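Before any comments, here is the structure.
The values are calculated or read from the model by the stated rules, or taken from the named source; none is laboratory data. Everything numeric in this text was worked out from a predicted model, so none of it was measured. Cβ placement follows ideal geometry from the backbone for every residue including glycine, while neighbour counts extend to all protein chains displayed.
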Amino acid sequence: MKHKKWVNVMSACILILCVGYAAILIKAYFDGKFDSVESLRQYIEGYGIWAPLALITLQAMQVIVPILPGFLGCAVGAVMFGCMGGFWCNYIGISLGSLIAFLLARHYGRDFVQDLFPKDKYDKFSSWAAHSKSYTALLFAGMILPLFPDDFFCYFSGLTKMTFRKFFWIIVIGKPWCLLAYSYGFSFI
């Protein structure tokens, strides 16, 4: 039952974070700060170092609590901080979130991961991950590919015999390519 408390705490933290961000943005909107993308960018830049840290935190949390689509943060990062600034914020946040998800699954186990995902998705992915001889190669390829359900696989990897070191290097080497593509594509918006 310890894991259910942790899932509830994570969900509450995400909710508080999202409500806080939403309140700040809604207030700014009603104060007339969002007349254009440029005015929005200036508003965000007014937060200094806190602006990229907020995006990094949001991107890490969207992996840990897999209910938010990560590509939205990638779009925000590219539009607000440019192609490379957005890339670095997204890469750092998503990588940290991926490593934390792996460690949470490793520490709290199968019951914890089952509580995070619908039963059909859990059953489908977990049995395949546990028994596939090509899991590591597919995980690496999935980190490179856009729209791969990598949040799920970060948790499932924590349930396998994969070492943290191997998972770390898969994330560090595989994750930037997809994020670079997102950042480059979204920077034209």
Check on Leu99, modelled with pLDDT of 75 or more and either touching a His at 6+ places or on another chain (Cβ under 6 Å) or within 29 Å of Leu116 (Cβ to Cβ) (or both) | yes
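Considering only segment 109-131, I want to know if a residue exists there that is within 16 Å of Leu53 (Cα to Cα), modelled with pLDDT under 85 and either more than 14 Å from the chain's Cα centre (by Cα) or polar (S, T, N, Q) (or both).
Initial filter on segment 109-131 (within 16 Å of Leu53 (Cα to Cα)): none.
Among the residues of segment 109-131, not one is within 16 Å of Leu53 (Cα to Cα), modelled with pLDDT under 85 and either more than 14 Å from the chain's Cα centre (by Cα) or polar (S, T, N, Q) (or both), which makes the answer no.
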Which of the residues that make up segment 95-117 are among the polar types (S, T, N, Q) and closer than 11 Å to Tyr155 by Cβ?
-> Ser98, Gln114
Pairing a residue in segment 174-186 that is within 20 Å of Thr136 (Cβ to Cβ) with any residue that is polar (S, T, N, Q) and assigned to a helix (DSSP H, G or I), where Cβ atoms lie under 8 Å and the two sit 6 or more apart in sequence or on different chains, gives Lys175/Ser95; Lys175/Ser98
Can you find a residue in segment 92-109 that is within 16 Å of Lys166 (Cα to Cα) and β-branched (Val, Ile, Thr)?
-> yes
May I ask you to list pairs of residues, at least six apart or on different chains, whose Cβ atoms are under 9 Å apart, with the first in segment 14-30 being closer than 22 Å to Arg41 by Cβ and modelled with pLDDT under 75 and the second being of a type in the set (S, T, N, Q) and assigned to a helix (DSSP H, G or I)?
-> Leu17/Thr57
State which residue is surrounded by the most Cβ atoms within 10 Å (Cβ to Cβ) when the search covers only segment 44-72 and only residues that are within 8 Å of the chain's Cα centre (by Cα) and in a helix (DSSP H, G or I).
-> Gln59
For segment 117-189, which helices (runs of 4 or more DSSP H) that fit wholly inside it have 2 or more residues that are farther than 22 Å from Val65 by Cα and of a type in the set (Phe, Trp, Tyr)?
-> 164-186
Being buried (at least 18 other Cβ atoms within 10 Å of the Cβ), touching a His at 6+ places or on another chain (Cβ under 6 Å) and not polar (S, T, N, Q), is that true of even one residue in segment 119-135?
-> no
What tally of residues in segment 88-104 results from selecting those that are surrounded by fewer than 19 Cβ atoms within 10 Å (Cβ to Cβ) and under 12 Å from the mean Cα position of the chain (by Cα)?
-> 3
When segment 110-121 is examined, which residues are found to be in contact with a Leu (Cβ under 8 Å, 6 or more places away or on another chain) and more than 21 Å from Lys166 (Cα to Cα)?
-> Phe112
From the list Gly77, Gly85, which residue is buried (at least 19 other Cβ atoms within 10 Å of the Cβ) and either in contact (Cβ under 8 Å) with a residue 12 or more places away in the chain or of a type in the set (D, E, K, R) (or both)?
-> Gly77
Which of the residues spanning segment 150-175 are under 16 Å from Gln59 (Cβ atoms) and under 13 Å from the mean Cα position of the chain (by Cα)?
-> Asp150, Asp151, Cys154, Ile171, Lys175
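Could you tell me which residue of segment 142-189 is surrounded by the fewest Cβ atoms within 10 Å (Cβ to Cβ), considering only residues that are aliphatic (A, V, I, L, M) and in contact with a Gly (Cβ under 8 Å, 6 or more places away or on another chain)?
Checked segment 142-189; the qualifying residue surrounded by the fewest Cβ atoms within 10 Å (Cβ to Cβ) is Ile144.
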